[in-house]
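The values are calculated or read from the model by the stated rules, or taken from the named source; none is laboratory data. Just so we're clear, the structure is a prediction, and the values are computed from it rather than from any experiment. All Cβ positions, even for glycine, are placed from backbone atoms using ideal geometry, and neighbour counts span all protein chains on display.
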Amino acid sequence: MSIPYSGDYPSLVPAAERVLNIHVVADSTGDTGARVARAIAAQYPGLAVNVIRHPRICDLRGAECFLAQLAEASDDAIVFCTIVNTELHERIEDACRKLGVPFADLMSPAIDAVIERTGLHPVRLVQPVGLAADYFERIHAMEFALANDDGNLTDSLSEAQVVLVGASRTGKTPLSMYLGYLGYPTANVPLVTGVAPPPELFECQPWKIVGLTIDPQRLQGIRERRVKSMGAAQHKDGRLGGYADLAKIYDELDAVARIQRRLKCPVIDTTSLALEEAAGRVIELVTARRRAYGVPADPPGPYVEGP
């Protein structure tokens, strides 16, 4: 009987039956380790991965409590560690070695790189997420995105760092919310056939405007599900009205493209982009265009993951 395998090395057990428990040990919230764990899990679609956080381990008592739990269930376990306190870090690493549990130090290689470049050593102090320098900026950016969603321009577009324009259901709202989470105050403006765009759009600084588009057939499927979920009745010919009619969607996207050309904005096709990838492209475009226009940074919100 052949044994399924992933990559270059055969598995002893079929991938679908394998389970991996990633224990994230942290002196703060464990967000950094959890994000890394999720990124790793995405590379093993046939592996059942459980991410278990052990946050705010700031003393030996907390470390010993975690190690006691780990000793009881060390099979199928690995440890991701982001603890900066040297004593606690070494205690957990040593215990993992004795238990035969693979240990990944997520902080030291990065710190070592900074030391090598600068000659400066870290203070090794825990920095709570709530006290991060950009915390209130990110909260403001998220509030801004909520207040200026779907054309409800409660604030001047001059206050936005990003302005998204596109047809309905091209992903403007989730993208603007995610950009807000990253620290970029974002407004999104729907372009509707037969309705003139708001004048503020043409008075806005052009470097911050980014257009969105999508494959017409993909948009039709999204709109059909949207219409059905709202309980709207179909037309007698079976179509779900002009909103989800493919021929009209083609015309609508053409009209939207004409407005986007008037705005002279770059356009991103969101058809096959993950939210994070689309956000990365928007940030790259806006940053490059801002620099090309010679506009100094505010500074822009950071495209980083917090500790």
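Listed by first and then second residue, the pairs linking a residue in segment 144-166 that is among the charged types (D, E, K, R) and at pLDDT 90 or above to a residue that is in a loop (DSSP other than H, G, I, E, B) and surrounded by 14 or more Cβ atoms within 10 Å (Cβ to Cβ), with Cβ atoms under 9 Å apart and 6 or more places separating them unless they lie on different chains, are Glu159/Asn148; Glu159/Pro185.
Please name all residue pairs, on different chains or six or more residues apart, with Cβ atoms under 8 Å, provided the first residue is in segment 20-47 and is at negative phi and part of a loop (DSSP other than H, G, I, E, B) and the second residue is surrounded by fewer than 18 Cβ atoms within 10 Å (Cβ to Cβ) and among the charged types (D, E, K, R). The qualifying pairs are Ala26/Arg53; Ala26/Arg56; Asp27/Arg56; Ser28/Arg56; Thr29/Arg53; Thr29/Arg56; Gly46/Arg18; Leu47/Arg18. For segment 184-206, the criterion of a residue being in contact (Cβ under 8 Å) with a residue 40 or more places away in the chain, under 17 Å from the mean Cα position of the chain (by Cα) and surrounded by fewer than 24 Cβ atoms within 10 Å (Cβ to Cβ) is satisfied by no position.
For (1) farther than 29 Å from Ala247 by Cβ; (2) assigned by TED's automatic domain parsing to the domain that holds Asn85; (3) not in a loop (DSSP other than H, G, I, E, B), each residue gets a yes or a no:
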{"site": "Leu125", "(1), (2), (3)": "yes, no, no"}
{"site": "Phe144", "(1), (2), (3)": "yes, no, yes"}
{"site": "Gly151", "(1), (2), (3)": "no, no, no"}
{"site": "Ser158", "(1), (2), (3)": "yes, no, yes"}
{"site": "Leu164", "(1), (2), (3)": "no, no, yes"}
{"site": "Glu200", "(1), (2), (3)": "yes, no, yes"}
{"site": "Val210", "(1), (2), (3)": "no, no, yes"}
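Do we find a residue being assigned to a helix (DSSP H, G or I), in contact (Cβ under 8 Å) with a residue 40 or more places away in the chain, buried (at least 18 other Cβ atoms within 10 Å of the Cβ) and assigned by TED's automatic domain parsing to the domain that holds His23 anywhere in segment 75-92?
As a first pass, look at segment 75-92 and keep what is assigned to a helix (DSSP H, G or I): 86-92.
Still in the list and also in contact (Cβ under 8 Å) with a residue 40 or more places away in the chain: 88, 92.
Subsequent filtering for residues that are buried (at least 18 other Cβ atoms within 10 Å of the Cβ) retains 88, 92.
So of that shortlist, the ones also assigned by TED's automatic domain parsing to the domain that holds His23 come out as 88, 92.
Checked against the condition, which is being assigned to a helix (DSSP H, G or I), in contact (Cβ under 8 Å) with a residue 40 or more places away in the chain, buried (at least 18 other Cβ atoms within 10 Å of the Cβ) and assigned by TED's automatic domain parsing to the domain that holds His23, segment 75-92 yields at least one hit.
Scanning segment 49-69 for residues that are at pLDDT below 85 and within 23 Å of the chain's Cα centre (by Cα) turns up nothing. Under the condition of being modelled with pLDDT of 90 or more, within 18 Å of the chain's Cα centre (by Cα) and buried (at least 17 other Cβ atoms within 10 Å of the Cβ), the residues counted in segment 248-278 number 3.
Only residues that are of a type in the set (S, T, N, Q) and crowded, with 24+ Cβ neighbours inside 10 Å: list them for segment 139-160, please.
Asn148
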